[in-house]
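Structure first, then comments.
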Amino acid sequence: MERNLKNVLVISFGFLLLFTAYGGLQSLQSSLHSEEGLGVASLSVLYAALILSSMFLPPILIKKLGCKWTIAGSMCCYIAFSLGNFYASWYTLIPTSVILGLGGAPLWSAKCTYLTIAGNSYAEKAGKNGKDIINQYFGVFFLIFQSAGIWGNLISSLTFSQASNNVEISEEDLACCGAYDCMSDTTNTTVSAEPSSSLIYTLLGIYTASGVLAVLLIVMFLDQIKSDQAEAEKEILETPSFWSTFLATFKHLKDKRQCLLIPLTMYSGFEQGFLSGDYTKTYVTCALGIHYIGYVMICFSAVNSLCSLLFGKISQFTGRKLLFALATVTNTACIIALLLWKPHPKQLAVFFILPALWGLSDAVWQTQTNGLYGVLFEKHTEAAFANYRLWESCGFVIAFGYSTKLQVYIKLYILLSVLVLSMVTYGAVEYIEAKSSRGAPTDTKKENVGRLTQETYM
């Protein structure tokens, strides 16, 4: 096997093992640690730390440690979060959430840098186009990585399904599920559906072991970047300089189009935060039990992955406007359905249909928004995508931050309002582009940029 391809596979399977653990844990936080909102508070802190990390740490760590050891060290931050869940409290979970958040941005930046250098290296030896090889490497990576959400959630559901104390939830308890929840962390539903400590420890042990295997895989099998590639690594990390990139992030807000895209970018964080923080707790756990969360989130992840691939292909024929319209209609229908629906175990199919439709919408928000940034700000990609990460993370922080303070129906109205605002401002961006450009940028360029920049940090 060609050495660079071997390294791509090592990184891909390392991330698969790591995010199999993290993805499953993230879906369970609001249900496992519902007391005083500890679970969602940890996620809010995590994304706040991620914002700070993305601004300061990646260039420093990669420059000092190199890509390989930055990836290995950052993965250890994720393991710390898994360990913090063993004895979850404000004194263990919040600090480990900060550690994970600080490690998140260097992890993804080092991965992107490594794959880029590996692609250029192979292309130079084989006499091929560097961009084509890089696209292939990123395609291989995301093909393997995207399945992490399926495996992590499958492990959690299979583990919790072993519980012998699953009881039938009463109609009185079911009345507290859904949009008009009772805002109580100690309802009979939560207590009766909570798995035993032994099952929780078993699951956390599996997740921790998965993270440790990821680190070992990287340490033992990932090659360090050779000395003849040092100049390429240096160029990637130092052009532009750290401070110029940091300042450019905020200077980029002078661009009217960037300001108009802030609501759309934040909405991506809002809608993902709602699904993993509120839907899993007040609909799935409340009405079905915690052991169903994994199965429901598998449905979301599978549809999301398939639609991401599909929309990346068909966008060159449909254009982004039609796909944004599809996502808006679908997401709006889901929000209205969640406002009106009273979840009940007899309506089992609905629990899976809604996240499937949500996954379809999220696939558009992720692929097309990334692509839109790449097309609009082709000459300022560093600053543009720094803004993308900043505002999406802000959406996560806000969504998780108010999660325990407001009833679900209020959050749904907020979500709907932000969605409407996002479409208004997005329409303004398209109007500005149509007015100032003689022709729209090619969809092929958009697809390539979207593939290279679709970094779902967490």
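Per residue, the stretch 1-132 exposes 36 Å² of solvent-accessible protein surface, assessed with a 1.4 angstrom probe and all protein chains in place.
Are any of the pairs K64/K131; K63/K111; K281/K313; K128/K251 more than 25 Å apart by Cα-Cα distance, and if so, which? Distance filter (> 25 Å) returns K64/K131; K281/K313; K128/K251. Cysteines in the chain that lack a partner Cβ within the 4.7 Å cut-off: C67, C76, C77, C112, C259, C299, C307, C334, C394. If you take all other residues with their beta carbon under 15 Å from the beta carbon of L217, and give Lys and Arg +1 and Asp and Glu -1, the sum is +2. Once the Cα atoms are used to define both axes, helix 381-401 deviates from the longest principal axis of the chain by about 10 degrees. Once you sort the root eigenvalues of the Cα gyration tensor of the stretch 299-366 as a ≥ b ≥ c, which label holds: rounded (a/c under 1.5), prolate (a/b larger than b/c) or oblate (the other case)? Note, shape of the stretch 299-366 comes out oblate. Pull out a ≥ b ≥ c, the square roots of the eigenvalues of the alpha-carbon gyration tensor of the stretch 246-435, then state rounded if a/c is under 1.5, prolate if not and a/b is larger than b/c, and oblate in the remaining case. Taking the square roots of the gyration eigenvalues as a ≥ b ≥ c, the stretch 246-435 is prolate. Using alpha carbons only, how many degrees (0 to 90, rounded to 10) separate the axis of helix 408-436 from the longest principal axis of the chain? The angle comes out near 20 degrees.
Computed in the context of the full set of protein chains, the accessible area of the chain at 1.4 Å probe radius has 65% of its extent on carbon or sulfur. When peptides 27-37, 344-354, 264-274 are ranked by their average number of other Cβ atoms within 10 Å per residue, the highest-first order is 264-274, 27-37, 344-354. Would you indicate which of [x] 20.9; [y] 23.5; [z] 25.0 is the value of mean projected area of the Cα convex hull in nm² derived from the coordinates of this structure? Matching entry in [x] 20.9; [y] 23.5; [z] 25.0: [x]. In plain terms, the chain from I414 to E171 could stretch by 84.6 nm, reckoned as 0.36 nm per residue minus the Cα-Cα distance.
Is the stretch 12-51 rounded, prolate or oblate when judged by the Cα gyration tensor, a ≥ b ≥ c being the square roots of its eigenvalues, rounded requiring a/c under 1.5 and prolate requiring a/b larger than b/c? Cα axes put the stretch 12-51 in the oblate bin.
The values are calculated or read from the model by the stated rules, or taken from the named source; none is laboratory data. Predicted model, so just to flag it, every value in this text is computed and none were measured. So basically every Cβ, Gly included, is an ideal-geometry build from the backbone, and we count neighbours across all protein chains shown. We work out accessible area using only protein heavy atoms, side chains counted, and drop any ligands, DNA or RNA first. Shrake-Rupley method; radii C 1.70, N 1.55, O 1.52, S 1.80 Å.
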